[in-house]
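The values are calculated or read from the model by the stated rules, or taken from the named source; none is laboratory data. Since this is a predicted model, take the numbers as computed values, not measurements. So basically every Cβ, Gly included, is an ideal-geometry build from the backbone, and we count neighbours across all protein chains shown. Just the protein is used for accessible areas: all its heavy atoms, side chains included, with ligands, DNA and RNA removed. Shrake-Rupley method; radii C 1.70, N 1.55, O 1.52, S 1.80 Å.
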Amino acid sequence: MEISHHGVSIQLLPAMFIEVDKSHRCTMSELDSTWEVSEHPELEVPVLDLAVLLENSELEKPRPEDNDQPAGDMILQQRRRQELVKAMAKACQRWGFFQVLNHGVDQALIQRCEAEAHRMFQLPLDVKERVHRPPGASFGYGANTWVNQKVMHWAESFHMQLHPTSNIHDMAAKLFAESDPNQFSSAVEEYMAAVDGLARRLLELLTEGLGLEPGHFNQYLEKERMISMRFNFYPPCPEPSLAIGLRAHTDPHLLTILHQDSVAGLQVQIDGKWIPVKPRPDCFVVNIGDLFQVLSNTMYKSVLHRAVVNSSSQRLSLACFLNPPLNATVAAPPELITPEWPQIYRPFTWLEYLKNAYFPTERTWENFIVYLEGKDPSHL
């Protein structure tokens, strides 16, 4: 909405986007993207270098008969890998978030996928409506509107699936019927496949950080696993202090791997404070989802995070979600259950979680715990 005041045009935020619950609004200091976490190193999401994995992808399986590499170099690389595992585990115990550098995903592929995301969001509304996400559906174009949500997020989103069955070609054919759908679908599928490979490597490192064999959770990566991606586009907002890009929530997934452009917006809640995750186009942001918190018996944390908006710059993020097959049973392994650290959650399937416990709000875990205790979470 636009009004004129003393000859000056003023843009107002439509009522449907105004967050009336002040506890969800951002203060001006929280919106200040110039706040430098470098001044507060204890409040900076860790950045971890994966270069040691690229140097030798077979480090975890050294061959004694291979004399091409000096033993001292191999020992040093093994030590660096162990340090990486420890740092990753520490980040997940404290933050539930970390960024990865030298991740092995081609930067040109990332830029190509981002370009296709921008091209998609720039399509006319009537074209984007060809893949409209109807109520109750998971995939397609629309707003990130959640159960019982009374305010709209200041964002557009487009959600697609690669595994177990890809819907990307079909959606691309509808969106780009007048041009070349393959330009879009090939970029998206290649990008998601590359991120899927990264996710597998990260899952093994995170599993090792729990004191388990790296492949202990590989059953969750069967061919029926679920890999999806959501494009998030946040336009400039006329009154960012009254709106929210994405409300505070935890992710229900196993892992989320996100790439954000150079505009700040992602924030993580630590000790009651909202901490910005500094944009680094050369990094991916990785966070623990609810399922991994269960698998780790709460050693790793699925933490609240949100997206804020600003008045001057648009923002784009690409969020990939790694999930097990729908019928997979999610439970902490016996190795992580002791008298001192008893089992926190009863076993459940991913499908059971989605049907009965997942309400994507800041109260996701409250609802989940109530559900696991055999109560009805719908009254919350």
Open item on the list: Suppose the filter is out of contact with any Ser or Thr (no Cβ under 9 Å at 6 or more places or on another chain), buried (at least 21 other Cβ atoms within 10 Å of the Cβ) and not charged (D, E, K, R); does Val286 pass it?
Closed with: no
Open item on the list: So for region 277-298 (the condition being at pLDDT 95 or above, among the hydroxyl-bearing types (Ser, Thr, Tyr) and farther than 23 Å from Gln111 by Cα), does at least one residue qualify?
Closed with: yes
TODO: Determine which single condition Val308 fails, assuming it passes every other condition in (1) in contact with a Cys (Cβ under 7 Å, 6 or more places away or on another chain); (2) closer than 17 Å to Phe98 by Cα; (3) not hydroxyl-bearing (Ser, Thr, Tyr).
DONE: (2)
Task: Filter pass, Pro333 being modelled with pLDDT under 95 and open to solvent by less than 30 Å² (accessible area, probe 1.4 Å) - done: no
Open item on the list: Could you go through region 69-86 and let me know if any residue there is of a type in the set (Val, Ile, Thr), open to solvent by 20 Å² or more (accessible area, probe 1.4 Å) and either at pLDDT 95 or above or assigned to a helix (DSSP H, G or I) (or both).
Closed with: yes
TODO: Give just the number: which of (1) open to solvent by 10 Å² or more (accessible area, probe 1.4 Å); (2) in contact with a strand residue (DSSP E or B) (Cβ under 8 Å, 6 or more places away or on another chain); (3) not β-branched (Val, Ile, Thr) does Leu198 not satisfy?
DONE: (1)
- [ ] Could you please find all residues in region 191-247 being among the charged types (D, E, K, R), modelled with pLDDT of 95 or more and over 20 Å from the mean Cα position of the chain (by Cα)?
- [x] Glu208, Glu213
Open item on the list: Going through Glu208, Glu224, Glu213, Glu239 one at a time, which residue ends up being under 22 Å from Asn327 (Cα atoms) and of a type outside the set (A, V, I, L, M)?
Closed with: Glu224
Open item on the list: Quick check on region 120-156: of everything there that is modelled with pLDDT under 95 and among the polar types (S, T, N, Q), which residue is surrounded by the fewest Cβ atoms within 10 Å (Cβ to Cβ)?
Closed with: Asn148
